[in-house]
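What follows is a short report on a single structure.
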Amino acid sequence: MRQPESVPSPKDPPGHDLWIRTEAWGAFPGLIHGFSRRLPIPLTAASTGASLDAPGCLLHTLTQVHGNAIVHMGSKEATPALEADGMLTTEQNVLLGIRTADCVPILLVAPHKRCVGALHAGWRGTQQAIALRAVGICAKQWDLAATQLWVALGPSIGGCCYQVGHEIGEPLFARWGDGQPATWNPRGEKGYLDLRAINRMQFIQAGVPQTQIHNVGPCTFCHPDEFTSARREGAQAGRQLSVIGWQPA
Ligand SMILES: [Zn+2]
């Protein structure tokens, strides 16, 4: 019997593809996107492009600081030291990459205007309504109506596991929870917050049709074989990478 050439590391996601995609977005020609599972090794720009079947695309990443700054990425190489939590572009050949390990990675696309975006939304970014900011910038910069946007909210810690203090959960629920108990479940001195649901509400409130907002992937905390979780593994946990961009025409 033929021996395997290498034994997979225990951190390789067993039996899974590296990338999870939004099925409905397969209909958008030229769009490249994916939410990674746990990365077996850190991805470089070259290996990210190659594994998404988009070799030669320039990968932009940020120094994410839990704020709501969103930057426009051009075709020139930007410094990964740039501090922001969101990126938008209409350039071809450019990939936008967000790193997360519990926070919500958000990808956006407006197919007919060839605009894409990637956001990082932890509780602080959510409190600062980074989702609403992104929709606002798209409207101002590209005259995009919210109804022209498609949104995917990637693998992140779920309401099942994300325990936070009342001082964090209550204001988010009051402002964005729409009275839905699933978004904030107070229990004793703390409570459980569904960050993905709160971000979804922000997009709905901004005017994005519910049918154009997808949840992709499960709770990162509940699925240690597939995802890193900062809550479970500590600050030194690795990160998932979520990527979006346009293939060259
Ligand atoms: Zn969970």
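The values are calculated or read from the model by the stated rules, or taken from the named source; none is laboratory data. It should be emphasised that the depicted structure is a prediction, and the values quoted were computed from it without experimental measurement. A quick note on method: Cβ atoms are made from the backbone with ideal geometry, for glycine too, and the neighbour counts reach across all protein chains shown. Surface areas here come from the heavy atoms of the whole protein model, side chains and all, with no ligands, DNA or RNA. Shrake-Rupley method; radii C 1.70, N 1.55, O 1.52, S 1.80 Å.
Put a dot 7 Å past the Cα of Gln180, heading toward its Cβ, do the same for Gln236, and the two dots end up 3.8 nm apart.
The GNM of the chain, with springs linking C-alpha atoms under 10 angstrom apart, assigns the highest mean-square fluctuation among Ala129, Ala174, Ala84 to Ala174.
Stretched out fully, how many nm does the piece from Ala81 to Asp225 gain, at 0.36 nm a residue minus the Cα gap?
Answer, rounded to one decimal: 48.8 nm.
Legend: calculated FRET efficiency, Ala50 to Lys190, from the Cβ-Cβ distance at R0 = 41 Å, rounded to 0.05, equals 0.40. Counting only DSSP beta bridges with both residues in the stretch 1-155, the antiparallel share comes to about 70 percent.
Apply 1/(1 + (r/R0)^6) to the Cβ-Cβ distance of Gln141 and His214, taking R0 = 22 Å, and write down the FRET efficiency to the nearest 0.05. E between Gln141 and His214, to the nearest 0.05, is 0.40. Taking the Cα centre of each part, how many Å lie between the stretch 133-173 and the stretch 174-243? Measuring centre to centre over Cα atoms gives 9 Å. Charges were assigned to the Cβ only: +1 to each Lys and Arg, -1 to each Asp and Glu. The resulting dipole of the stretch 159-233 about its Cα centre is roughly 100 debye.
By how many nm would the segment from Glu170 to Gln92 grow when fully extended, if each residue of separation counts as 0.36 nm and the alpha-carbon distance is taken off?
Values: separation 78, 0.36 × 78 = 28.08 nm, distance 4.13 nm.
So the chain would gain 23.9 nm between Glu170 and Gln92.
When +1 charges are put on Lys and Arg Cβ atoms and -1 charges on Asp and Glu Cβ atoms, the dipole computed for the stretch 46-181 relative to its Cα centre reaches about 260 debye. For the chain, the relative contact order comes to 25 percent (Cα pairs under 8 Å, sequence separation of at least 6).
What dipole magnitude, in Debye to the nearest 20, does the chain give about its Cα centre under +1 on Lys/Arg Cβ and -1 on Asp/Glu Cβ?
Here the chain has a charge dipole of around 140 debye.
Counting heavy atoms of the protein chains only and a 1.4 Å probe, report the per residue accessible area for the chain as a whole number of Å². Don't skip to the answer; put the middle values down first.
On the way: 11500 Å² over 249 residues.
In whole numbers, the chain has 46 Å² accessible per residue.
Under a Gaussian network description of the chain, with springs only between Cα atoms under 10 Å, the residue in Trp25, Trp150, Trp176 that fluctuates furthest is Trp25.
Per-residue ellipticity at 222 nm from helix content only, as computed over the chain with -39500 (n - 2.57) for each DSSP H run of at least four residues, stands at -6000 deg cm²/dmol. For the stretch 55-83, the residues whose amide N sits under 16 Å from a probe point set 7 Å from the Cα of Arg124 along the beta carbon direction are 62-70, 82-83.
Note on the chain: dipole from Cβ charges, positive end direction compared against His66, Ile106, Thr147; the farthest Cα belongs to Thr147.
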